[in-house]
Amino acid sequence: MSRDESEDLPERILIKELSGIKVMIKRSFAYIIPSCASRHLLTASVIASCALLSLHAGAQDMFTEDTVNIPAVTVRAAAALRHTPYTVFRIDSAVLARYEGVDLGTLLQSASLLTVKRYGNSGLASVSIRGLSGSHTAVTWNGLPVNSPGNGYGDFAILPVTAATFVKVTAGGSDLDDIAGSIGGKVELSTLPVFDGATEGSLTLGAGSYGTWSSGAVIRTAGSTLSSKISIWRGKSRNDFRFINANAPEGAEGSRRTNAGSSSGGAIADLGLLLGNALLSAHVWYNDSDRELPGPVTTVQQDFDERQKDRSLKGVVNYSMDHGSLSAEVIAGGSHDINFYYNEAPGLNGENSSGIYMIRTRISYRVNDRFELLLNAGDEHQRAQSLTFQNPVNRNIVSTSIGAKYRVVPRLKLLLQARQMAVTGTRVSPEFTAGATWILPGAGDHVIKTSLSRNIKLPCLNDLYWMPGGNSTLLPETATGGETSWSFSSATAQGLRTTLDLTLHASKVDNLIQWLPGERGIWSAENVRSVNVTGAEARAGTELTVSEWKIKGYVNYGLTRSAIAVSDIPNDRSEGSQLVYSPLHHLNVNIDAGWRILSGGITAVAESRRYTTSDNSEWLPATFLADMYLGTSIKAGMTVIRADLRISNILNTGSESVRNYPMPLRAFNLRLTLTLSDKPVIHETTP
């Protein structure tokens, strides 16, 4: 089995050879619960929050052009993201609606600069930002960490688009608001309450190629101060898709995938309550997935009758308020995850469990119209129990960050923020971010931003305690770098909206953790490499309304050079080489159009070759994939019936995201949605 010496090990661990065939077992995704540690810092921060919440605010808003005040709640406009000194962007709501029914990995691959590494269409899917691995990308849901404390990854194959009404992406590790950060970037998923006075319900049924079917229902009701929503979904697929086996003994031939079936389901409940200038919300998410794990395809398909079940329960309570010069937020939540692994060899079966419990607070105080102070503090408890750990593992993370925003002149804003973590068994140095935003003269169409940061990624629990091979003496990975960008946004009275963002970024990652083979063939985790990451990014979008036509277009392009700069591995030939599975070029284009009751669109994704060995001697070829969708909606009174046809891989192109794990050829999916709503206006033609 061809495999790079390091990159895949955090995802699959070689534990045994059976009949001369190497058997790989997936690393558990579930791993954490609380440990007992000092909470004095957190207690002090919560007391400070409660005290400040009672203060009367008298200063004016520092960033008046970034906020829109409506009764009982303040909504930060998109300008707030645009004026952040580092790269932050959100996925357009129309794009989210178009990808409803698929997983978040598919959405991010097709509609952002993120790249996805997938073990087939339903296997483990991790997301990479700016050339680093999926374990360097933090994922949160309503402020609660989603990444497995075990291997550090978030599995986007089992995260449905339905789980979020708002998706925000931060590139790089400059955001220091969380308890612990990441050096690659962050994907934030939120289910925000809506107070529009409407009651509606919807039922969705879907069916598609390869024995795929899905169903879902949403019930939502809202008044002026109370909002509630319940979403449930279920799906199943045989996944016996057609693919091209280029290594077949008699030459390339078409085959069907085996042992690749999957089923998943879940439910999310959201409740929001407006209390004057404050918002109290609660969120609960249950997710259940059952997946067969297909083996690699070399000359033939290798299947070990592997199967994996993942169950998780997450809950979050959020209280936020904005009272003039003072704003504050407190988030408390937890998650419990169970992972079951099955193999044709019963001795390899396993059960793992984990949990995360956290509480954090954020306070912002505007001293005057030029100066604002920031305070973040929190505590995160982790516990993991696994057959591969000698004993249950506990880790506690307490952190605090302080920051300041200062307006030098009306169009120039500065940001300075520092964070310090205290981690069980690990010494951690401080982190910092410094940045500036300059709004150029004129109507504010042009913005120039720059930032510098030093950030830390803690070793995951597998790296520290996996038996055999875990290394409790590992150092945290560190990234030092910065970025400079130019942002343009304009809107005309004729309905034309245009955005363009160009970014240059560079960083150096030290103490990169890699799994390496030892003298006796046992792999172990070591700090052995440094990586230089440089690149350029471009995001462009346009929206045009002509008569009854509404047209939207988005283009994302990333050039990312993530090269190994220094290696402590003996006889290592990888220095100067691109990190494995990190394409140099990534491009996607989305075009949507709507006219009356009709809508449609096309998506194209192109990537350069992905190297599969650390010395770049082997690679997967460049890929170009295109999808298309057509939809129609008919309204009759309070009822809307919508039908959507999605055609994936319309060019019938064979491709692999991970070597020997093929992706499907052309596939079709049809969805029918019935919605009952008393909303006064429903936009049927929004693409």
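The values are calculated or read from the model by the stated rules, or taken from the named source; none is laboratory data. Just so it is clear, the structure is predicted and the values come from calculations on it, not from any experiment. FYI the Cβ positions are ideal-geometry reconstructions off the backbone, even for glycines, and counts take in every protein chain you see. Note: accessible area is taken over every heavy atom of the protein model, side chains too, but ligands, DNA and RNA are not part of it. Shrake-Rupley method; radii C 1.70, N 1.55, O 1.52, S 1.80 Å.
Looking across the stretch 555-568 at every residue that is without any contact (Cβ under 8 Å) to a residue 60 or more places away in the chain and either part of a strand (DSSP E or B) or of a type outside the set (Asp, Glu) (or both), the one that is nearest to ARG98 (Cα to Cα) is identified as VAL555.
Residue-by-condition table, conditions (1) open to solvent by less than 40 Å² (accessible area, probe 1.4 Å); (2) more than 23 Å from the chain's Cα centre (by Cα):
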{"site": "SER364", "(1), (2)": "yes, yes"}
{"site": "ARG370", "(1), (2)": "no, yes"}
{"site": "ASN394", "(1), (2)": "no, yes"}
{"site": "LEU412", "(1), (2)": "no, yes"}
{"site": "PRO459", "(1), (2)": "yes, no"}
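None of GLY152, GLY172 is under 17 Å from VAL116 (Cα atoms), touching a Cys at 6+ places or on another chain (Cβ under 8 Å) and either open to solvent by 30 Å² or more (accessible area, probe 1.4 Å) or touching a residue at least 12 places away in the same chain (Cβ under 8 Å) (or both) except GLY152. Would you confirm whether or not the stretch 487-503 contains a residue that is in contact with an Asp or Glu (Cβ under 6 Å, 6 or more places away or on another chain), open to solvent by less than 60 Å² (accessible area, probe 1.4 Å), farther than 30 Å from VAL555 by Cβ and modelled with pLDDT of 95 or more? No - not one qualifying residue is present in the stretch 487-503.
Can you tell me which residue is nearest to the chain's Cα centre (by Cα) among those in the stretch 285-329 that are among the acidic types (Asp, Glu) and more than 26 Å from TYR341 (Cα to Cα)? Even if it seems obvious, please write down each step before you answer.
Of all residues in the stretch 285-329, those among the acidic types (Asp, Glu) come to 288, 290, 292, 303, 305-306, 310, 322, 329.
With more than 26 Å from TYR341 (Cα to Cα) added as a condition, the list becomes 322, 329.
Numbers: ASP322: 28, GLU329: 22 Å.
Top of the filtered list is GLU329.
Restricting the first member to the stretch 438-465 and to residues that are under 22 Å from SER507 (Cα atoms), and the second to residues that are open to solvent by 40 Å² or more (accessible area, probe 1.4 Å), the beta-carbon pairs closer than 6 Å and six or more apart or on different chains are ILE448/TRP438; ILE448/TRP486; THR450/THR484; ARG454/PHE432; ARG454/THR480. Scanning the stretch 507-531 for residues that are in a strand (DSSP E or B) and surrounded by fewer than 15 Cβ atoms within 10 Å (Cβ to Cβ) yields a single hit, PRO517.
Would you mind finding the one in ASN287, ASN245, ASN259, ASN277 that is touching a strand residue (DSSP E or B) at 6+ places or on another chain (Cβ under 6 Å) and at positive phi?
Working: ASN287 fails: at positive phi; ASN245 fails: at positive phi; ASN277 fails: at positive phi.
Answer to the selection: ASN259.
Counted as qualifying within the stretch 360-435 are the strands (runs of 3 or more DSSP E) with 2 or more residues that are in contact (Cβ under 8 Å) with a residue 60 or more places away in the chain and in contact with a helix residue (DSSP H, G or I) (Cβ under 7 Å, 6 or more places away or on another chain), namely 371-385, 393-409. Taken over the stretch 647-661, the residue count meeting the criterion of being in a strand (DSSP E or B) and either more than 23 Å from the chain's Cα centre (by Cα) or charged (D, E, K, R) (or both) is 2. Scanning the stretch 233-244 for residues being open to solvent by 40 Å² or more (accessible area, probe 1.4 Å) and either over 16 Å from TYR210 (Cα atoms) or in contact (Cβ under 8 Å) with a residue 40 or more places away in the chain (or both) gives a total of 3. Which residues, taken from the stretch 540-560, are surrounded by fewer than 16 Cβ atoms within 10 Å (Cβ to Cβ) and among the β-branched types (Val, Ile, Thr)? The answer is THR542, THR545, VAL546. For the stretch 447-457, the set of residues classified as of a type in the set (A, V, I, L, M) and open to solvent by less than 20 Å² (accessible area, probe 1.4 Å) consists of VAL447, ILE456, listed by residue number.
For (1) open to solvent by 40 Å² or more (accessible area, probe 1.4 Å); (2) among the β-branched types (Val, Ile, Thr); (3) closer than 21 Å to ASN652 by Cβ, each residue gets a yes or a no:
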residue: SER231; (1), (2), (3): no, no, no
residue: ALA246; (1), (2), (3): yes, no, yes
residue: GLY251; (1), (2), (3): no, no, yes
residue: LEU280; (1), (2), (3): yes, no, no
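Scanning the stretch 89-110 for residues that are within 23 Å of LEU203 (Cα to Cα), among the β-branched types (Val, Ile, Thr) and open to solvent by less than 30 Å² (accessible area, probe 1.4 Å) yields a total of 1.
Yes/no matrix, rows are residues, columns are (1) open to solvent by 60 Å² or more (accessible area, probe 1.4 Å); (2) within 29 Å of SER215 (Cβ to Cβ); (3) in contact with a strand residue (DSSP E or B) (Cβ under 7 Å, 6 or more places away or on another chain); (4) assigned to a strand (DSSP E or B):
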| site | (1), (2), (3), (4) |
| --- | --- |
| ILE591 | yes, no, yes, yes |
| GLY594 | no, yes, yes, yes |
| SER599 | no, yes, yes, yes |
| SER617 | yes, no, no, no |
| PHE624 | yes, no, yes, yes |
| MET628 | yes, yes, yes, yes |
| SER633 | no, yes, yes, yes |
| ASP644 | no, yes, yes, yes |
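Residues in the stretch 474-492: is at least one outside any strand (DSSP E or B) and in contact with a Leu (Cβ under 7 Å, 6 or more places away or on another chain)?
Residues of the stretch 474-492 outside any strand (DSSP E or B): 474-476, 492.
Filter again for in contact with a Leu (Cβ under 7 Å, 6 or more places away or on another chain), leaving 474, 476.
Checked against the condition, which is being outside any strand (DSSP E or B) and in contact with a Leu (Cβ under 7 Å, 6 or more places away or on another chain), the stretch 474-492 yields at least one hit.
When GLY535 is tested against the conditions (1) touching a Ser or Thr at 6+ places or on another chain (Cβ under 7 Å); (2) without any contact (Cβ under 8 Å) to a residue 60 or more places away in the chain; (3) crowded, with 16+ Cβ neighbours inside 10 Å; (4) among the small types (Gly, Ala, Ser), the lone failure is (2). Go through the residues of the stretch 418-437 one by one and say whether even a single one is of a type in the set (Lys, Arg) and under 27 Å from the mean Cα position of the chain (by Cα). Checked the stretch 418-437: at least one residue is of a type in the set (Lys, Arg) and under 27 Å from the mean Cα position of the chain (by Cα). Just one of the listed residues (VAL284, VAL316) is open to solvent by less than 40 Å² (accessible area, probe 1.4 Å) and aliphatic (A, V, I, L, M), and it is VAL316.
Just to check your reading of the model, which residue among ILE158, ILE129 is open to solvent by less than 10 Å² (accessible area, probe 1.4 Å) and touching a residue at least 12 places away in the same chain (Cβ under 8 Å)?
Values: ILE158 fails: open to solvent by less than 10 Å² (accessible area, probe 1.4 Å).
From the options ILE158, ILE129, the qualifying one is ILE129.
For the stretch 337-354, the criterion of being over 19 Å from PRO392 (Cβ atoms), touching a Gly at 6+ places or on another chain (Cβ under 8 Å) and buried (at least 19 other Cβ atoms within 10 Å of the Cβ) is satisfied by no residue at all. Restricting LEU674, LEU670, LEU579 to those that are hydrophobic (A, V, I, L, M, F, W, C), more than 28 Å from THR258 (Cβ to Cβ) and open to solvent by 40 Å² or more (accessible area, probe 1.4 Å) reduces the list to LEU674. For GLY470, the criteria (1) part of a strand (DSSP E or B); (2) open to solvent by 20 Å² or more (accessible area, probe 1.4 Å); (3) small (Gly, Ala, Ser) hold in every case but one, which is (1). The set of residues in the stretch 502-535 that are among the polar types (S, T, N, Q) and within 18 Å of GLU477 (Cα to Cα) comprises SER507, ASN511, GLN514, SER524, ASN527, SER530, ASN532, THR534.
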